[in-house]
Each structure stands twice: as structure tokens, then as C-alpha cells.
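Since the structure comes first, as C-alpha cells, the remarks are kept for the end.
Quick note: the coordinates plus some simple rules give every number you see, no bench work behind them. No experiment lies behind these values; they were computed from the predicted model shown. Backbone-built Cβ (ideal geometry, glycine too); neighbour counts: all protein chains shown.
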Amino acid sequence: MGTLPHAFSLFALILLLTSGTGADQITKTQAIFNGSTGIGAIVDTSSRIGKEEIVAMEVAKEDFYGFGNLTFLLINDSQKDTIHAALEAKDLIDTRQVQAIIGPQTWEEVSLVAGIARETQVPILSFADTAPEWAPERWPSLLQASPDKRAQMKAIAAIVQSWNWHQVIVIYEDTDSSARGVIPHLHDALREVNSEVSQFVAFSPFNSSDSMSKELENIKSKQYCRVFVVHLSFKLAVRLFEMANKMEMMKRDYVWITTDPFTSLVHSINASVISSMKGILGVRSYFPKMGPHFVNFNQRFRTRFRRKYPREERNEPGIYAVQAYDAMRTIALGLNKTGSKRGGKELLENILDADFHGLSGKVKFKNQNVAAAEIFEIVNVIGTGYNELGYWSNGLGFSENIHENSSYNSASMIDLEQVHWPGGPRYTPRGWTALTSAKLFRIGVASLSGYEEYVKVESDDRLGTNFSGFANEVFKATTASMPFCPQYEFQYFNGSYNELLEQLHLKNFDAVVGDVEIVASRHQYAEFTYPYTETGLVLIVPVRSSSKAWSFIKPFTATMWVLISVITVYNGFVVWWIERKHCDELQGSIPNQIGIMIWLSFNTLFSLNGPKLHSNLSRMSGVVWLFVALIIIQTYTANLSSMLTVQRLEPTIPSVEELLNSNAMVGTGTYMERYLAKVLKFKNQNMQHFQSAESYVKGFEDKKISAAFLGTPSAKIFLAKYCNSFIQIGPTYKIGGFGFAFPRGSPLLASVNEALLKISENGTLQELEKTWITPQKCPKMPSDSSSLGPSGFRELFFITAGTTTIAFVIYVCRTNLLRHKNIWGIISAVLKRWVSPRRHFTSRRVANVEISLPEIHLKPTKLSTE
């Protein structure tokens, strides 16, 4: 890039250098003085971030100002970072009279420096990760020069969601800015993808190796979760991973996800150090590494960095370098507008008006902040280097490239390049492992299960307590099919399932097994697996023998009877209409003809009466209808025989609606009371709770209830026991089902669900059901499906109705045609007489034509009208 005109005559660069820890901390300050006008920069040159920023600002100084000779001033100071940064900032503003200050990296430093610059309104360009929303109002001259990276927490949550991990452990640096600015956003982002933070672990830069080791050992022995999100500064993160590697926490089943402060410097890690970090997955800020401007900067940066810091193995610039370069350019453009001697508020306004594409991306301030970062790069540490897997964009998801014409985006990271996990590239971590302690997994089993087929508890003084039943056996089969499950023991609980789930919520149990209905009201205490039984709610009522008084009309539905009657009458009408002029019996008064027509209609059902029919059209209609009638009669006879032969039971209450209208009492379980009241509109006072099948039967016998609502799994056992006394009616309402309960956010839930699907697909679940659940052999309630409707006879009705209609239309058309032919014959005869040679005779001769007209009328009567 070309050199701009001199924005000011003199330039000063102040670099605050910090190294060491604790009381031995030594702060080094470098100063360059060329006059009374300058820019101050506060950086830590003992860190990789500070080194990159120094070199980048030196390159920027060459691009925008052309200054040369540098003079260094070394000052020893034993104050802490934040205090010393504030003192140096005061010296820069009051004594050195700098026009702007670049570079505080932490919010603790930024807040003190901004307070000092508040009166003079010297612009402070901060590189801190985040800033509170109230900061611009309190410090008008404070500008956030680095993009807000809180959106990266959504990227991390998307990674967690991609691999179906439901719990994570967050390790963060014990600073106010992390706890206030980053951790809440990470917590909210994880909740949006149905994941939770199982533990927050805070580390300080002053933690000893022993304290870090003890904390990691505590996590390893007391937490199932093995997914870690690390939000630490670079040096502290390196210490953490070296310690985790020694403790064998960088192996199979472990997941380490790092945020921008560490991942954005992964390019600078030496090979000897990065080898202990294999499998780490990181999210870092994205900046475009293309175009002539970046290529020129990259080449000059590498050359200068290699010469300035020869001990550094890698000289690639990162996000901190390009941000420092863009910050220098922003100030230079502002000074170029105001003039070299003018700063303060006018310079601040010009900086806020900056709008250009820099090396780090778009530079434009809004509310004293540059635009928030929306794109992050996903990297994976492999061997002694790292692999760039792809990108994550806010609102678009994952993609393999970030070009504008990229048409492929995915919500899941699985679609990107293969990840090399700590356990190997082809093994996806489950996100949890067994505890290293001897603690057993506690499985709660309630005592108040009403069906021993599902839960059976037997106590023996010598052998102890034995747990069996369909639910327990399904759980055993499920855990056996998992790649790994912690050792567990069943523990007896004397109480209801609602009470047991509350104990689960209080962490007195690790899971609940039994005939536990899955209902919404229980989700406040636990999360449930997929149901391992049928889901639904059914109505059970007593039965009675059905009455046979009107059995003769039941073979057909009412619609079928009506349709048969209509077709029969229609066919009879058409036959009567065609034959009425050929048969004297079809003549007479209107009531007589109606009666004859109806008799003819139904007589055709049993006989064609072929010799008595004079027209081929009526014979055609009758033959087709007789064929259809024979089929209908035979079907009716077969269905009626079946109904009269088989003994049939009918419910005492035919439907849920009649049960509601009768205001009768119903039996139910406590978990379904809310559904019956809100959805089916049963009154609370009309519901009575029962626990077991025997208690329901007792309620029916004592006339306490007229019907009972049972879950489908319980109803199957109930009807198998009492198949001759009760029957299921009405629809199945889709609720419930039995499932296993786990604490909310349990890392085991996803694996248990997967194992449940496996035993369902391989037939194990069906075999267990046959063993423990007696097959149902009860007669089902007769329904309208036993009475035949018109759907099975539709084509036959179309054929007979169509044939009869065609015959009727042909007859009507032929009759009208003959009638018109006779009239035309009369008119033709009259015209012949009129135009004959004797047409000149007097009208007395013409009168002879009138006399002969009756003879003309007599001839047509001998013609057939068929």
C-alpha cells in the first residue's frame, strides 16, 4: 500500500512490556520519541500476542508514516499489570500527550485506562474480548477495536449439538471479564441446543501445578462428563493441556474444545508443545488470508518477525497482528482528517467515522464497537500441527469454505472433514466415561407398581432383594447392549413414582426403572428415554351379551340398506314405464300403478319374469339387476350366518361421549388425571384413583366406577386377566408410554436411547415382552366394520344403475322419434292433395281431403312403438 502524507510531524510509540509472575513481576516499557505528538500502545511483549502486535504496528508505521529510528527506555516496576497499565496510561496522556492509545488486552486494564482518559477524551482502542453494554455511555472515548467474539459461544454450542453431547464442563480463567462477559453467553447457547453445563471450573494464572492437578483429578473421579470447553488465556491453557496429558485425560472418550484466546494462537505453538494436545478441537476468529494487501503484509511481517524474534519457531501472523495493523490504520486516517496537532474529541469523531476493509475484515464502528464477529474457523490439532476443518457462520451453520458463492451449509459439523479425536480419527467420543471411584450407579425401583409383570420385588433374608419384571429386564438388556455403562445396583423405594422422581431430582438416585409413565408434569424432575412400550390411553368398560332381536338388519349398514332400496325402486320404475302400454295390468288409477310399480321393483330381486316382459330394454335392465341382487343376497346370508353363529359381547357403555353425558364415575391413575380433565373434559369429582388391576376390578364390583382409563401397557395385562368381563372401547389417546427416568442433562440419556433402539430392532424387546407379558386373547368390541357398507359394492351399483339408465334413455328417444314421424306423415299427405293436378277445382273438392283425413290417422296405430 502507498505511503500516506505525514499525518503529524512527530510520532511516539509507547510499549508496555510485562513478564514474570507474582511479586517478581518485571514490567518493561519501550518508548520512542520524535516530538510532542504520538500514539501510545500498551502490550505485553513477553507473550506471543504482544510480539505479533509490535511487529504489525511497526509494519503499519512504515506504511502510513515512514518514521525510522527507535529509542528504547527500560523501567523496572513491581506493580501488578492493571495498576501499572493505569500509571503508564496516565503518563502517556499527561506527560507524553499522546493522541490515542492502543492495546489493553484485558477488561481489567481497559476499565482503568478508560477512566484516566475520560476527561481528556483521548481515544482508547481496546483489544479486550468483550466489553459491557454500559461501557460506551460511561467512557465515551473507549472504542472496542476487536470484534465482540461472544458469537463464538454459539459455534461451540453447534459443535456440541453436532455430536449429540448433552453435558459439558467449562474451564475458564478466574477473571471478572470471563465470568461476566463470556460464561453467561456460553451457558445460554448450550441451553438452546438442549445441553447443560455440569460443572464450572475456574483456574487462575497463579494456580500451582499441584492445585491444577488436584482439580483435574477431582473432575476425573467425580464426573461422568468428558466434554470440556476451555476458555483460558494462551499460557494458562498450555499448562492445563500439559497437565491433562500427564493425567491421561487426552485419550479416548475425552473431548477438548478451545475458544478464541487459545485457538487463535495455535499457529504459534512449538512442535514439542503441541504434540501433547492431539485431538483438540478449536474455534478461532476468521480473517481473509487472500488479496495483494494481505500477501504484501504477510511477507513483510514474517521477515521482520523472524529477524526480531529468532527464537520463535513459527512466524505466521494471526488475528492479533492484523487487528493491531487495522487499529494503526484507523488512527492514521483520523489524524489525517484533523491534522497532526489536533486530537481529543475531534479525533474521536473521525475514528468513529472510519469505514474501510482492513486485514481483519470490515472496520466500521457502531455504538463505539466494531461489528461483531460472525464467522469462525474450526481447527483440529493433529500431530505437531493443525488442520483447518471448515467454518461456522452465525445463521448459516457449518461450511467447508467461506466464499460468497458457497451454496453448501450444514447445521451439523459431521458433514465437514474427518475430525481426529484424542481416541483416534475413526472413533467419535461418547462424551462420558465411567467414574474412577467405586461408587455404584443407584437405580430406584418404586414399591407401588400395580403390575408384577412389569416390576416384581422379592425379599429374601438369605439371598437379599431380587428385582425382576419386564421393566427391569429391559433395562438390563439395554445396558448390556451399550458400549459401556457404569456399574449399577437396584435400590428399593417405598413410595409412589412421583415421590421417587422427586428423589431423583434431589440426586438421591441416578435413574428410575419401572412402569413409569412419560407425562409432561414429570419433566420438571427428570428426563425420560424413548418409551419401551406402546403409548396411549384406552377406556375399559364391563361387557354384556349382545341382543339378537334386530340381528337381521345388522349384516348391512344403514347406508347400504338405503342404497339397495333406491336402486331397487329405480329399476322397478324404469321397467314399469317401458312395459305399461303392453300390459293391461299396469294400467289403472295412479295409486294402483304406484303399488304395481313397487311390487314389480322388489319382485325383480327374486325373478326375472322374462316371458311377461315385452321389451328387450326392460329385459336387459332386469337381467343386470338380478345378477347384482343375487350377489347382494348371498353376501347378506353369509354375514347374517356369521353374526348369529359367533357369540358376541357388547360394552355396557358404548362410547366416551355417553360416559361423559351419564356423569358416571371413572377409575384412573394419578398421572393421567390432568389429561382427562383438560382434554376429555371429565370432572375431577368423577375420577377415582386406583393402583393395581385387582383394585380396578374391586371398584367395578362395588359399583364405585362404571369405566376405567388405563395406559395401553397396563390395559394389555388387565384384559389378559379379565377377558370375559371387560372390553376396550373407543380410540387410543396418544399419551404416555413407559420409559426410564434420568436426571435432567444426564450424559447417559442419549446412549441409553440408542441402546433401546438396538434391542428393539434386533428382536430382544419383543422376546422379553413374550416372556413377561401374557398375550391378549380377549374378544374385541364389535364395531361398524362387521356390518357391510356400500364401498364393497360400488362398482356393481354403478353397472346396474348405468344399464337401467341407458335402457330408459333409449326408450324415451325412440318413442319421441316415432311420434314426430307420424305427425310428419299427416302433414305430407295434406300437402300432396293440395298440390295435385286437380288443385283448380272448387273448394268443394278440397273438402274431400278433409273427409279422407281419418283414414290417414288410422294407419299409424298399427305400427310398433318398440
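Worth pointing out:
- Each residue of region 745-754 is assigned a 3J(HN,Hα), and the resulting list reads x, 5, x, 7, 4, 5, 5, 5, 4, 4 Hz, derived from the Karplus form 6.51 cos²θ - 1.76 cosθ + 1.60 (θ = phi - 60°), x at Gly and Pro.
- Of LYS703/LYS770; LYS251/LYS758; LYS246/LYS758; LYS61/LYS345, pairs whose Cα-Cα distance is over 25 Å: LYS703/LYS770; LYS251/LYS758; LYS246/LYS758
- Rounded, prolate or oblate (a/c below 1.5 giving rounded, otherwise prolate when a/b exceeds b/c) for region 144-265 by Cα gyration tensor: oblate
- Lys, Arg +1 and Asp, Glu -1 on Cβ, resulting dipole of region 505-580 about Cα centre, debye, nearest 20: 520 debye
- Pairs beyond 29 Å (Cα-Cα), from LYS507/LYS716; LYS154/LYS308; LYS149/LYS289: LYS507/LYS716; LYS154/LYS308
- 14 Å Cα-Cα reach of LYS581 towards aspartates and glutamates, excluding residues that sit fewer than 8 places from it in its own chain: GLU866
- Between LEU660 and GLU458, the distance separating the two model label sites (each 7 Å from Cα on the Cα→Cβ line) works out to 4.6 nm.
- Packing-based order for 148-157, 566-575, using average beta carbon neighbours within 10 Å, highest first: 148-157, 566-575
- Inter-label distance, SER468 to GLU349: 8.9 nm, where each label sits 7 Å from its Cα along the C-beta direction.
- For region 275-297 versus region 655-700, the gap between their alpha-carbon centres in whole angstrom: 66 Å
- Phi to ³J(HN,Hα) by Karplus 6.51 cos²θ - 1.76 cosθ + 1.60 over region 317-328, Hz, x for Gly, Pro: x, x, 4, 5, 5, 5, 5, 5, 4, 5, 5, 4
- Extended-chain gain in nm, criterion 0.36 nm per residue less alpha-carbon gap, VAL273 and LYS366: 29.5 nm
- Residue-span extension gain [ASN218 to HIS293] - 0.36 nm each, minus C-alpha spacing: 22.0 nm
- Pairwise label distance in nanometres, GLU499 with ILE633, each label 7 Å out on the Cα-Cβ vector: 7.2 nm
- Difference of contour (0.36 nm per residue) and Cα-Cα distance, MET620 to ALA411: 68.3 nm
- Candidate aspartates and glutamates - alpha carbon under 14 Å from LYS362, same-chain residues fewer than 8 apart omitted: ASP148, ASP326, ASP353, GLU374
- Per-pair calculated FRET efficiency, R0 = 30 Å: LEU640 and ILE806 via Cβ, rounded to 0.05: 0.35
- The C-alpha radius of gyration of region 440-548, expressed as a fraction of 2.2 N^0.38 Å, stands at 1.28.
- Charge dipole (debye, nearest 20) of region 130-280; +1 at Cβ of Lys and Arg, -1 at Cβ of Asp and Glu: 420 debye
- A simple packing score, the average count of other Cβ atoms within 10 Å per residue, orders the peptides 231-243, 519-531 as 231-243, 519-531, with the highest score first.
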